[in-house]
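Peer 1: I'd like to ask some things about the structure below.
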Amino acid sequence: MKKILSLLAVTALTSSLYAANNENTGCGLGSIVIKDQSTVLLQVIAATTNGTSGNQTFGITSGTSNCDKPTNFVSNDKLNQFVGENMDELAMDISSGKGETLNTVAKLMNVVNTQEFSAKLQANFSEIYTSENVTSAQVIDSIAKYI
């Protein structure tokens, strides 16, 4: 059994460096280590490596490990810091549908049509600021729904 596993590992590691990543297995360490995923067995090994290494989520959020970071992904330090430091001002801007704080958040979230975005947020203010104890992370997650 050890010989078979060793053979599989050697085969996987010496496979073509130019083969495309397989959509079945996703991105992550498995897609880097197992370049040739032309067989079911190699796809299983790649997927298992992705799942057990625990780096696929990091790859997706950071855009590394052959992963593409989503264009609307809302997890950047500047946005988190800005919203955390400006919760009250942002609430006032969202409730009025305009303001510098709201414009800055839109910029940090790569929103193109800020007027439409501001109107959506204003109409859904109570869904964004659900209570006095809402956290900045909850506000960001709620705002992201309206991009």
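Peer 1: Using a Förster radius of 30 Å, what is the FRET efficiency between GLU89 and THR64 based on their Cβ-Cβ separation? Nearest 0.05, please.
Peer 2: 0.30
Peer 1: Something else about it: When the chain is fully extended, how far beyond the present Cα-Cα distance does ILE147 get from LYS107, taking 0.36 nm per residue of separation?
Peer 2: 13.2 nm
Peer 1: Also: Given a Förster radius of 22 Å and the C-beta distance between GLN115 and ALA137 as r, what FRET efficiency does 1/(1 + (r/R0)^6) yield to the nearest 0.05?
Peer 2: Calculated value: 0.25.
Peer 1: Follow-up. Tell me, in nm to one decimal, what length is gained between SER38 and LYS78 on full extension, where the rule is 0.36 nm per residue of separation less the Cα-Cα distance?
Peer 2: 10.3 nm is the gain from fully extending SER38 to LYS78.
Peer 1: Specify, per residue and in Å³, the volume enclosed by the convex hull of the alpha carbon atoms belonging to segment 77-145.
Peer 2: Given the Cα convex hull of segment 77-145, per-residue volume reads 73 Å³.
Peer 1: Using a 1.4 Å probe and counting only protein heavy atoms, arrange MET92, MET109 so the residue with the most accessible area comes first.
Peer 2: Ranking MET92, MET109 by accessible area, largest first, yields MET92, MET109.
Peer 1: Follow-up. Please compute the net charge surrounding GLU89, taking Lys and Arg as +1 and Asp and Glu as -1 over other residues with Cβ under 13 Å from its Cβ.
Peer 2: Here the count lands on -3.
The values are calculated or read from the model by the stated rules, or taken from the named source; none is laboratory data. Predicted model only: the values in this text are computed from it and were never measured. Backbone-built Cβ (ideal geometry, glycine too); neighbour counts: all protein chains shown. With ligands, DNA and RNA removed, areas are computed over all heavy atoms of the protein, side chains included. Shrake-Rupley method; radii C 1.70, N 1.55, O 1.52, S 1.80 Å.
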